[in-house]
Amino acid sequence: ATSICCVQENVLQRVLQLPVVSSTCETLQRKYSSTKESHPLMASVCEVYERGVQGAGALAMWGMEPVVRRLEPQFAVANNLACRGLDHLEEKIPALQYPVDK
């Protein structure tokens, strides 16, 4: 099924919604959570890392906001091209529509 790109559509969101990608992410999330639950030391290390990543991500977004605003038209064109490329991939590779276990 071919999707039509629109202003709200984001190529990253579309990729994350592909069953093959979303099922892989879910599996990785379950394994990560399971590892944190079964190893208390690992859980504390992971929590420190997660807080650091969140803080760094927020700082990076704040610093990049003016640049992103200025480059918004170029991002829109790139997103549109990427969406069309994804349409083509989805058409040519039907396996993208199935979870990893299938």
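Report yes if residue 53 is on the phi < 0 side of the Ramachandran plot, at pLDDT below 90, open to solvent by less than 60 Å² (accessible area, probe 1.4 Å) and among the aliphatic types (A, V, I, L, M), otherwise no.
No; evaluated as a whole, the condition is false for this residue.
If I filter segment 81-102 down to residues being open to solvent by 50 Å² or more (accessible area, probe 1.4 Å) and under 17 Å from the mean Cα position of the chain (by Cα), which single residue comes out as farthest from residue 13 (Cα to Cα)?
Looking only at segment 81-102, we keep the residues that are open to solvent by 50 Å² or more (accessible area, probe 1.4 Å), and these are 81, 84, 88-89, 91-95, 97-98, 100-102.
Those still in the list that are under 17 Å from the mean Cα position of the chain (by Cα) too: 97, 100.
Working: 97: 15, 100: 18 Å.
Among them, the one singled out is 100.
The values are calculated or read from the model by the stated rules, or taken from the named source; none is laboratory data. As the structure is a computational prediction, the values presented were derived from the model and not from experiment. Heavy atoms of the whole protein, side chains included, go into the accessibility calculation; ligands, DNA and RNA do not. Shrake-Rupley method; radii C 1.70, N 1.55, O 1.52, S 1.80 Å.
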